[in-house]
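The structure under discussion appears below in the form of structure tokens.
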Amino acid sequence: MTDQSVFPDPTYRDTVLAPLFDGVKAHYAGHMAAINRAHLVMLAETGILESGDAGAIAGALLDVDAEVNLDALRYTGEFEDYFFLVEAELKRRLGDLGGALHTARSRNDMDHTLFKLALRTRVSVLLEQALTLTEALIAKAEAEKATLIVAYTHGQPAQPTTWGHYLGAVIEVMLRDIARLNAAADGLEHCPMGAAAITTSGFPIDRARVAELLGFEGPLVNSYGCIASVDYVTGLYSAMKLMFLHLGRVIQDMQFWTAFEVGQLYVPNSLVQISSIMPQKRNPVPIEHLRHLASATVGQCDAIVGVMQNTPFTDMNDSEGEVQQLGYAAFERGARVLQLLTALIPACRVNADRVRRTTDAACITITELADTLVRDEGLTFRAAHEIAAATAKAVIAEGAALGDGYAAFSTAFETLTGRAPGLDEAAFRTAVAPETFVARRDRIGGPGEAALREALAGYVAEAEAARAACALRKTRHETAEQRLKSAFDALLVKD
């Protein structure tokens with residue numbers, strides 16, 4: 001047992017204990033106060049502490065909260081950590097009774113409860129921001145559901161689709177990422193209190209009551225797991241990592257689309273910077289900031305998970321204060337990504353002229369010509385594909401738009417089939433128009449009007465359900481705060 005009268009080695013004090021103490025001041029003091037109150041209420045309600053003693057401790061806790069100036073506290077080494085400082089303050093006011101609050105608990109179960117409470121608050125905010133971005137994406141997809149864009153594969157123009165259809169794909173991934181993050185948030189909703197050091201307690205504690213007072217769904221059952229199972233950390237940061245990894249891919253597309261040579265996406269002046277020397281430059285630097293912020297968030301999440309690798313399955317400092325605090329920067333950077341994307345994407349617009357020029361230059365509607373020949377001319381798809389390929393090769397060589405390539409098409413058709421096409425020039429132009437391409441792809445998941453409308457309705461419903469789940473969790477936390485206040489205040493009432 002540590003002798004609290006012995007000051008620690010100065011180097012150990014300054015490199016380990018002082019930073020941890022400052023971390024408690026910044027992140028955990030309020031949560032520790034809540035744990036102290038909930039545990040005291042439980043001790044009184046179970047009769048482990050007499051009501052008069054519990055009332056005296058409750059009053060002393062109020063005095064400590066009122067009289068100890070956290071901002072002014074500096075770590076001296078007089079007490080090993082903030083927990084022992086609070087206990088010393090209780091003893092100073094109550095004598096030996098001040099030590100009774102620690103009956104049937106340990107810093108082990110307290111620490112993991114503190115960490116869950118701190119993460120619970122942060123993930124609630126992150127989910128709110130992720131849902132706000134998703135709702136902005138849905139609104140933008142609705143507004144841009146008929147806005148043509150060039151879809152790229154392998155960095156090359158591939159087929160026409162709509163911006164609304166592209167954003168629908170982003171929305172689906174966001175909703176899956178939110179579901180993963182919601183599941184990880186659920187992993188924070190069971191309380192370690194009552195596990196004590198590792199095996200619970202010989203006192204008749206009520207673990208469910210403490211969990212209820214702190215807003216958890218219930219106790220985390222296995223007491224060994226309460227202090228050893230850090231999957232609430234690894235699961236959460238893994239889910240966070242995936243969200244920002246996936247968003248990073250979308251951000252990279254935005255960078256590509258805004259390049260001068262592509263020019264498909266226009267970023268408004270309020271979100272670009274100019275060159276200090278080159279007056280022609282419009283630099284969409286928010287996209288670059290988004291990319292490195294998303295990557296940094298992924299890296300920080302990886303760092304937290306990596307620290308847990310090959311650690312023993314028991315209580316250990318590798319999962320505690322210093323590492324927990326390291327992870328909070330991931331929430332801060334991730335929040336900036338979500339907020340900036342929520343502002344940027346709705347503000348951008350598609351450059352329709354550049355989309356049309358690329359569509360014409362790259363013959364990206366040629367697949368629909370092949371499909372039309374199968375439907376209307378009775379050809380096999382392979383034969384139709386050969387005719388379409390010859391047509392595309394000819395018009396690209398001429399530098400012409402595909403819509404003006406009827407002569408090349410007729411030649412290719414007659415060469416392969418030995419007959420003239422039934423498709424006249426007007427029907428040919430219709431077949432290779434990007435609007436036709438999109439409209440005919442009205443199957444589930446396609447960019448056609450009905451398919452996209454149905455998909456967007458599904459996204460709205462899914463986002464509403466996710467928001468409702470978050471609201472329910474938040475309501476439970478807020479209700480518990482009031483329940484704890486009432487139960488604690490009841491201890492202060494004197495007979």
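The values are calculated or read from the model by the stated rules, or taken from the named source; none is laboratory data. Since we're looking at a predicted model, the values are computed, not measured. All Cβ positions, glycine included, derive from the backbone under ideal geometry; neighbour counts span all protein chains shown. Calculation scope for accessible area: heavy atoms of the full protein, side chains included, ligands and nucleic acids excluded. Shrake-Rupley method; radii C 1.70, N 1.55, O 1.52, S 1.80 Å.
The table that follows gives values for the structure above.
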item: Residue in the stretch 20-32 that is more than 21 Å from G99 (Cβ to Cβ) and among the β-branched types (V, I, T) present; result: no
item: Near pairs, Cβ below 6 angstrom, 6+ apart or cross-chain, from the stretch 375-399 (open to solvent by less than 30 Å² (accessible area, probe 1.4 Å)) to any residue that is of a type in the set (V, I, T); result: A384/V374; A388/I366; A392/I366
item: Some residue of the stretch 47-59 being closer than 18 Å to D489 by Cβ, without any contact (Cβ under 8 Å) to a residue 40 or more places away in the chain and among the small types (G, A, S); result: yes
item: Some residue of the stretch 129-137 being open to solvent by 50 Å² or more (accessible area, probe 1.4 Å), aliphatic (A, V, I, L, M) and more than 14 Å from W257 (Cβ to Cβ); result: no
item: Identity of the residue in the stretch 279-327, of a type in the set (V, I, T) and part of a helix (DSSP H, G or I), that ends up farthest from H31 (Cα to Cα); result: V285
item: Every residue from the stretch 197-214 that is outside any helix (DSSP H, G or I) and surrounded by fewer than 24 Cβ atoms within 10 Å (Cβ to Cβ); result: A197, I198, T199, T200, S201, G202, F203, P204, I205, D206
item: Sole residue being assigned to a helix (DSSP H, G or I) and aliphatic (A, V, I, L, M), chosen from I396, I364; result: I396
item: Some residue of the stretch 223-243 being surrounded by 16 or more Cβ atoms within 10 Å (Cβ to Cβ), within 20 Å of P346 (Cβ to Cβ) and of a type in the set (A, V, I, L, M, F, W, C); result: yes
item: Residues of the stretch 63-105 satisfying the condition of being on the phi > 0 side of the Ramachandran plot and free of Cβ contacts under 8 Å to residues at least 24 places away in the same chain; result: G95
item: Cross-chain or 6+ apart pairs with Cβ under 6 Å, the stretch 308-319 first and open to solvent by 40 Å² or more (accessible area, probe 1.4 Å), then of a type in the set (S, T, N, Q) and in a loop (DSSP other than H, G, I, E, B); result: D318/T311
item: Criterion violated by L62 - all others in (1) crowded, with 17+ Cβ neighbours inside 10 Å; (2) within 20 Å of A480 (Cα to Cα); (3) of a type in the set (A, V, I, L, M); (4) touching a Leu at 6+ places or on another chain (Cβ under 9 Å) satisfied; result: (1)
item: Every residue from the stretch 138-162 that is assigned to a helix (DSSP H, G or I) and open to solvent by less than 10 Å² (accessible area, probe 1.4 Å); result: A141
item: Unmet criterion (only one of (1) in contact with a helix residue (DSSP H, G or I) (Cβ under 8 Å, 6 or more places away or on another chain); (2) surrounded by fewer than 16 Cβ atoms within 10 Å (Cβ to Cβ)) for V24; result: (2)
item: Some residue of the stretch 167-180 being touching a Phe, Trp or Tyr at 6+ places or on another chain (Cβ under 8 Å), modelled with pLDDT of 95 or more and under 30 Å from C226 (Cβ atoms); result: no
item: Residue in the stretch 110-124 that is outside any helix (DSSP H, G or I), at negative phi and either surrounded by fewer than 22 Cβ atoms within 10 Å (Cβ to Cβ) or not hydrophobic (A, V, I, L, M, F, W, C) (or both) present; result: no
item: Test: residue in the stretch 356-372 that is closer than 26 Å to L137 by Cα and either surrounded by fewer than 18 Cβ atoms within 10 Å (Cβ to Cβ) or among the acidic types (D, E) (or both); result: yes
item: Test: residue in the stretch 251-265 that is closer than 28 Å to F331 by Cα, in contact with a helix residue (DSSP H, G or I) (Cβ under 6 Å, 6 or more places away or on another chain) and open to solvent by less than 10 Å² (accessible area, probe 1.4 Å); result: yes
item: All positions within the stretch 273-303 that are open to solvent by less than 30 Å² (accessible area, probe 1.4 Å) and closer than 22 Å to L344 by Cα; result: S275, P284, V285, P286, I287, L290, L293, A294, T297, V298
item: Residue satisfying condition, being within 22 Å of the chain's Cα centre (by Cα) and over 30 Å from V173 (Cβ atoms), within set L126, L114, L137; result: L114
item: Filter result for F381 (within 46 Å of the chain's Cα centre (by Cα) and at negative phi); result: yes
item: Every pair of residues 6+ apart whose Cβ atoms lie under 8 Å, when the first sits in the stretch 413-430 and is open to solvent by 70 Å² or more (accessible area, probe 1.4 Å) while the second is not in a helix (DSSP H, G or I); result: E414/A420; E414/P421
item: Among the residues listed as A487, A457, the single one being of a type in the set (A, V, I, L, M) and surrounded by fewer than 19 Cβ atoms within 10 Å (Cβ to Cβ); result: A457
